[in-house]
Amino acid sequence: MEAVNTKVIVKWGGREFEIQYGPTDTIHDLRNYIYKQTKVKPERQKLLNLKFKGKTPEDSCTVSTLKLKCGFKIMMMGSLEEEIEKVNSEPLDMPEVVNDLDIEDEEVAIENQEIYLAKVEKRVKEYEIKMLNDFRTNKKLLVLDIDYTLFDHRSSAETGNELMRPYLHEFLTSAYEDYDIVIWSATGMKWIEEKMKLLGVSTHNAYKIAFYLDSLAMISVHIPKYGVLDVKPLGVIWGKFPQYSSKNTIMFDDVRRNFIMNPRNGLKIRAFRQAHLNRSTDTELLKLSKYLKDLAQNCEDFSSVSHRHWEKYKPKRRR
Ligand SMILES: [Mg+2]
């Protein structure tokens, strides 16, 4: 009988690639097939959820021993050679990459448009939140983006630690004293779960994440100047959990447009890119820990503070 090929789907960089393999193909072969389609070199491919007895399978392992379902989705991280070259040749003091919008006037108009409020309402009704840990009483709420905020997802590295933003666990530990923490990423839930596992966030002893939100909780808005954009409206959380509002919620994201529906509750964090170059100097999370403390202890209404100027924030001490 003719040997039958089967297939897996490789998800990488927001795209999906169908990869066929035969019954005797090894992981090494599989990586070469992936290379043919994605141009990510085998040694740079990190196949996140491909496991054999709980571990990443050796290259000599036959794929069929993994007993993958046909069409199994493999989540991959890894950079293209030309991107790595570009990164390595970029000057260190290059200004922050701007793929963001300069949204000032548009934002207020957009947050109140009824059509968007209706979309938020729909998410409140239909998006299901899986609570990982219960909210505590009298805590503020911190909503965090993942990519380039906590983690450099485009650089290549062997372990999550190499891609993790410095002081991540210290930051989350400190924040957790005053805030319940939610993670919101514009990717799929599986990705989020894998990344949080990779970074050791989901299993940390000193803090707990209340829940994750993925791209399905986002809404698309139309901004005349820029077209249709997907954004993260905090109203989805506020609608589901009325103890939270613009008074006690803050969101960090490296992309300002993500909080166009709640501009006064968003803080644009400097993007953490080129992890291997910036790992020793990036102190953003350390400084933001202090900012969160100052807010939690001294600010009655988070939306009354301009988070754009967070570095210059001088709390009015309460007596
Ligand atoms: Mg991001």
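The values are calculated or read from the model by the stated rules, or taken from the named source; none is laboratory data. Owing to the predicted nature of the structure, the values given are computational and were not obtained by experimental measurement. Using ideal geometry, Cβ is built from the backbone for each residue, glycine included, and neighbour counts are taken over all protein chains shown. What goes into the accessible areas is simple: the full protein's heavy atoms, side chains included, and nothing from ligands, DNA or RNA. Shrake-Rupley method; radii C 1.70, N 1.55, O 1.52, S 1.80 Å.
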Relative contact order, percent, of segment 165-319 when contacts are C-alpha pairs under 8 Å separated by at least 6 residues?
23 percent
To the nearest 20 debye, what is the magnitude of the charge dipole of the chain about its Cα centre, counting +1 on the Cβ of each Lys and Arg and -1 on the Cβ of each Asp and Glu?
1000 debye
If amide H atoms are modeled at 1.01 Å from N in the peptide plane, then the residues at a separation of 5 or more from T26, or on another chain, having amide H under 5 Å from its own are V63
In the chain, which helices (entire DSSP H runs) extend 20 Å or more along their own long axis, judged by Cα positions, while averaging at least 0.5 on the Kyte-Doolittle scale?
none
State log₁₀ I(q)/I(0) for segment 137-204 at q = 0.13, 0.26, 0.29 Å⁻¹ as given by the Debye formula over alpha-carbon point scatterers of equal weight, solvent excluded.
-0.36, -1.31, -1.50
Percent carbon-and-sulfur accessible area, the chain, ignoring ligands, DNA and RNA, probe 1.4 Å
50 percent
Averaging over all projection directions, find the projected area of the Cα convex hull of segment 6-85 and quote it in nm² with one decimal place.
4.9 nm²
Two decimals is fine: what is log10 I(q)/I(0) at q = 0.11, 0.22, 0.23 Å⁻¹ for segment 232-319, from a Debye sum with one equal scatterer on every Cα and no solvent?
-0.35, -1.12, -1.18
Grab the beta carbon distance between S60 and Q20, set R0 = 25 Å, and tell me the FRET efficiency rounded to 0.05.
0.80
With the crude spin-label approximation of a point 7 Å out along Cα→Cβ, what separation in nm comes out for E170 versus K190?
3.6 nm
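Rounded to two decimals, what is the ratio between the C-alpha radius of gyration of the chain and 2.2 N^0.38 Å?
Compared with the compact-globule rule of thumb, the chain sits at 1.08.
So which GluC sites (Glu not before Pro) in segment 1-59 end up in coil per DSSP with only 11 or fewer other C-beta atoms within 10 Å?
Hits after loop and neighbour filter: E2, E58.
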Given a Förster distance of 45 Å, the FRET efficiency implied by the Cβ-Cβ spacing of S280 and A118, rounded to the nearest 0.05, works out to 0.40
So how do I74, I115 rank on accessible area, 1.4 Å probe, biggest first, that is with the largest at the start?
I115, I74
Checking the cross-link filter: which lysines have an alpha carbon closer than 21 Å to that of K247, excluding same-chain neighbours under 8 positions apart?
K139, K140, K232, K268, K290, K293, K312, K314, K316
Helix-only mean residue ellipticity at 222 nm for the chain, each DSSP H run of n ≥ 4 adding -39500 (n - 2.57), per residue, nearest 500
-8000 deg cm²/dmol
May I ask you to evaluate 6.51 cos²θ - 1.76 cosθ + 1.60, the Karplus curve with θ = phi - 60°, for each residue of segment 56-62 and list the ³J(HN,Hα) values in order in whole Hz, giving x for glycine and proline?
5, x, 5, 4, 7, 5, 7
Would you mind working out the accessible area per residue for segment 106-312, using a 1.4 Å probe, and quoting it in Å²?
44 Å²
